[in-house]
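Just so it is clear, none of the values below were taken in a lab; they were calculated from the coordinates. Because the structure is predicted, anything quoted here is derived from the model rather than measured. Here the Cβ positions follow ideal geometry from the backbone for every residue, glycine too, while neighbour counts run over all protein chains shown.
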Amino acid sequence: MKSLAAALLLLFAALVAKPATGVNDAAITADGFASHLSDYGFFTDLKARTPAARVMPYTLNTPLFSDYAEKHRFIYMPAGRKARYQDDAVLDFPIGTALIKTFGYQQQGRFRPLETRLLLRRASGWVAIPYVWNAEGTDADLKRAGMRIPVRFTDPSGEVRQISYAVPNQNQCKDCHARAGAITPIGPRARQLNDGHQLEALVSTGMLDRVPADAPRLARWDDATAPLDDRARAYLEINCAHCHNPQGAASNSGLYLDWRQSHPGFLKRPVAAGRGSGDREFDVVPGSADASILIFRMESTDPGIAMPELGRATVHKEGVGMLRQWIDGMPRQ
Amino acid sequence: MFRPKSILAAVAILFLALPAAAKTIHVAAGPNAQERLQGALIEAAPGDIVEIGAGRFDLTDGLSLDVDRVTVRGAGPGKTVLSFKGQLGAGEGLLVTSDDVVLRGFAVEDSRGDGIKSKGADRIVYKDIRVEWTGGPKATNGAYGVYPVESQWVLVDGVTVIGASDAGIYVGQSAHIVVRNSTAQGNVAGIEIENCAFADVYDNLATHNTGGILVFDLPNLPVRGGGHINVYNNRVIDNDTANFAPPGNIVASVRKGTGVLIMANSDVSVTGNTLSGHATSNIMIISYRQPFTDAGYNPYPRRITVSGNTHGKAGFAPQLPGGDQLAGAFGGSIPPILWDGTGGPELELRVSDTVPVLSMNLALGAETETAQPALVKLEGPALARMPGVKLPESMEAAAQ
């Protein structure tokens, strides 16, 4: 039986082996996980990270803050398949889709990739897995248990930061990406992709079925010309609402922070915050950022206090500054 | 004709057909513990055992398990120690998000947030587990020791929690719960059952906490309307630690020297417990006293029966406004059972212990300063005996 298994394993390996060019569809859809990022063929030149055909770069209006890491996002769909437009939920992607996100920092004037996270749409649903780049930047290895990487970088304000960068383990991927227990992408919704061009480009390349003229559009958190209320809600939605929704990891908190909440956390008492309360009474106190637990937790890097719980070893000064302005500007209740 | 797709399918089916015998994954103490232990918890298949060796494991991040039917077993709560003193990330030491998991025979120390949290983890068994903050009671300790939440069927058996800045053993928004043979010491709340239905809490020791055993129902949570809670045969002794919970949390309002505290909730029985050494009160029955906006929430305690308990010293230094004068008026100690006096006979409260009961005669939501204390008899109808929680046999077997 054992040798049969071994033989089958070899056969399996041969079947999902990388084709000469293009993306390896079998590596995306077959059970198990390829050992190297190169096995998928998402990039024709991995070191230069040149995308293969049908691997499209994209951006979000308001992205998750990840310790000031620079993120390069790509989407791949197999030939002949397209995503189905949805107004509110994440676009309905076909089996065989891959969402590819590389995290890294500028070092000596060049982008140094640290990790690439994949979300793969299989017949059984989505799976999420991290790959960690080698020092030469030539390939990335499967790292299901995650790891820590010491990093030194300069943040946008010019401050030099030294952090222990956390590559999430596979369960931590799911912590953020699970809705009612099933893994789902977070970013690629119409309102996040809608910048006036991206959705249209996806339609014209045949990767999206349609885009209505009135597709919703989320504000950019750092767009000083947009209403502060829209920017704040966009920020909370992408940074918090993946857990803080009735089907997410923080469902038991009763604190929901998606963009449609009319009074997100206003005068709501904490439930299981522990020392995360910072001696404050309410999650959000309109008119007082200093009295709001939400701000206290976003300004902390202590793992027992910090929110979000994962992937944040630095405080996002600019983001929290914007939220402070938003809360302080509300009428007191 | 070569058809890779169908061959692939055939191969996949063959793989599925191979016998998948449960295996034991051994993880020994030593360098790189984080990756080896987390790797084992990820690679475990349903039915597997992850066996953690004796020794100290220095961990840098929270661990997590998301595979059903896995047993995580150590060499004993004094021998296998998972230390999170150097933890850099994650909100708890160990997080379990899968069903039918058994945790037994290890310790979690000094996690920065909660000790062990299980969320949506049905039929979980915590057996012979120790969670401890080793620096004594401090506001900087993590909130909860063991923390099952949003789960159906929970067993906490032979667990010890020391030093939690909120609750040692905390079960929240769950149903069908047994907490037994466990020790909660030096926490703010020893054992807390919050927004839960059907719980048996028995044969435990709660000592040197701020409050011993708390049964709460809070508003504005996805699961509320808690009730059918049996608290019996526990030793609730000398809960005398000053409250060190960070303000803002509900337990920060628990008064030092509280034995058993019932807040809101319905159908709670407190029987056959030994209660002693509580400066404020052996047993308190109160309504939820803060303003709330949750229209479906009932802030009153209803159908509470207190009977057959053994009362030692209590009420000798009540942590209440005017507590000293009050104690003086009663000859040095106020009665060992306190009711906030909010509501009337419709609450069906019954105390048949042979000790007096003091009512504070407070209106709903009124400040404690407005109390008009007086003795009261609570003679509501006796609660029908509750059948008790019968756990699935697999859980009882796992706890043998």
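When each pair of different Cα atoms in the stretch A:56-142 is counted once in the 1/r mean, what is the Kirkwood radius in angstroms, to one decimal?
14.4
If one takes the longest principal axis of the Cα atoms in chain B, at what angle in degrees, from 0 to 90 and to the nearest 10, does the Cα axis of helix B:4-17 lie?
Result, in degrees: 60.
Can you run phi through the Karplus equation (6.51, -1.76, 1.60; θ = phi - 60°) for the stretch B:325-332 and list ³J(HN,Hα) in whole Hz, with x for Gly and Pro?
Result, rounded to whole Hz: 4, 4, 4, x, 4, 9, x, x.
Treating cross-link reach as a plain straight distance, find the lysines whose alpha-carbon is under 26 Å from the alpha-carbon of A:Lys47, omitting any fewer than eight places away in the same chain.
Result set, ordered by chain and number: A:Lys18, A:Lys71, A:Lys101, A:Lys143.
Grab the other residues whose beta carbon is less than 9 angstrom from that of B:Asn220, score K and R as +1, D and E as -1, and report the net.
Values: positive: A:Lys268, A:Arg269, B:Arg224; negative: B:Asp294.
The answer is +2.
Of all trypsin sites (Lys or Arg not before Pro) in the stretch B:73-168, which ones are in loop regions per DSSP and have a Cβ with at most 16 other Cβ atoms within 10 Å?
B:Lys79, B:Lys85, B:Lys138
Is the protein assembly as shown rounded, prolate or oblate when judged by the Cα gyration tensor, a ≥ b ≥ c being the square roots of its eigenvalues, rounded requiring a/c under 1.5 and prolate requiring a/b larger than b/c? Please report the intermediate quantities before stating the final value.
Numbers: a/c = 2.22, a/b = 1.66, b/c = 1.34.
Taking the square roots of the gyration eigenvalues as a ≥ b ≥ c, the protein assembly as shown is prolate.
Which residue, B:Asn234, B:Leu88, B:Ala33, has the largest displacement toward the positive end of the dipole of chain B when charges sit on each Cβ (Lys, Arg +1; Asp, Glu -1)?
About the Cα centre, the residue reaching furthest to the positive side is B:Ala33.
Mind checking the dipole of the stretch A:120-270: about its Cα centre, +1 per Lys or Arg Cβ, -1 per Asp or Glu Cβ, Debye to the nearest 20?
Details: 19 positive and 16 negative charges, 126 e Å.
Computed about the Cα centre, the dipole is about 600 debye.
Rounded to the nearest 20 debye, what is the charge dipole size of the protein assembly as shown about its Cα centre when +1 sits on each Lys and Arg Cβ and -1 on each Asp and Glu Cβ?
Magnitude of the dipole: close to 1580 debye.
What lysines does B:Lys390 reach when the alpha-carbon gap must be under 22 Å and sequence neighbours fewer than 8 apart in one chain are set aside?
B:Lys390 reaches B:Lys119, B:Lys127.
What is the Cα radius of gyration of the stretch B:114-398 over 2.2 N^0.38 Å, N being its residue count?
Details: Rg = 17.4 Å, N = 285, 2.2 N^0.38 = 18.8 Å.
Rg over 2.2 N^0.38 Å, computed on Cα atoms: 0.92.
For the stretch B:291-377, what class follows from the C-alpha gyration tensor (a ≥ b ≥ c being the square roots of its eigenvalues): rounded when a/c is under 1.5, otherwise prolate if a/b is larger than b/c, else oblate?
Values: a/c = 2.35, a/b = 1.30, b/c = 1.81.
Oblate.
What is the dipole size for the stretch B:114-398, taken about its Cα centre, with +1 at each Lys and Arg Cβ and -1 at each Asp and Glu Cβ, in debye to the nearest 20? Kindly include the intermediate steps, with their values, before the conclusion.
Working: 19 positive and 26 negative charges, 37 e Å.
Dipole of the stretch B:114-398, to the nearest 20 debye: 180 debye.
Using only C-alpha positions, report the orientation-averaged shadow area of the convex hull of chain A, nm², one decimal.
Values: hull surface 75.7 nm².
Answer in nm², one decimal: 18.9.
Would you kindly derive the ³J(HN,Hα) couplings of the stretch A:276-282 from the backbone phi angles with the Karplus curve 6.51 cos²θ - 1.76 cosθ + 1.60 (θ = phi - 60°), listing them in order in whole Hz, with x for Gly and Pro?
In residue order, the calculated couplings are x, 5, x, 6, 10, 8, 10 Hz.
Please work out whether the stretch A:99-185 counts as rounded, prolate or oblate from its C-alpha gyration tensor, where a ≥ b ≥ c are the square roots of the eigenvalues and a/c under 1.5 means rounded, while otherwise a/b larger than b/c means prolate and anything else oblate? Walk me through the numbers before you get to the answer.
Values: a/c = 2.37, a/b = 1.88, b/c = 1.27.
Cα axes put the stretch A:99-185 in the prolate bin.
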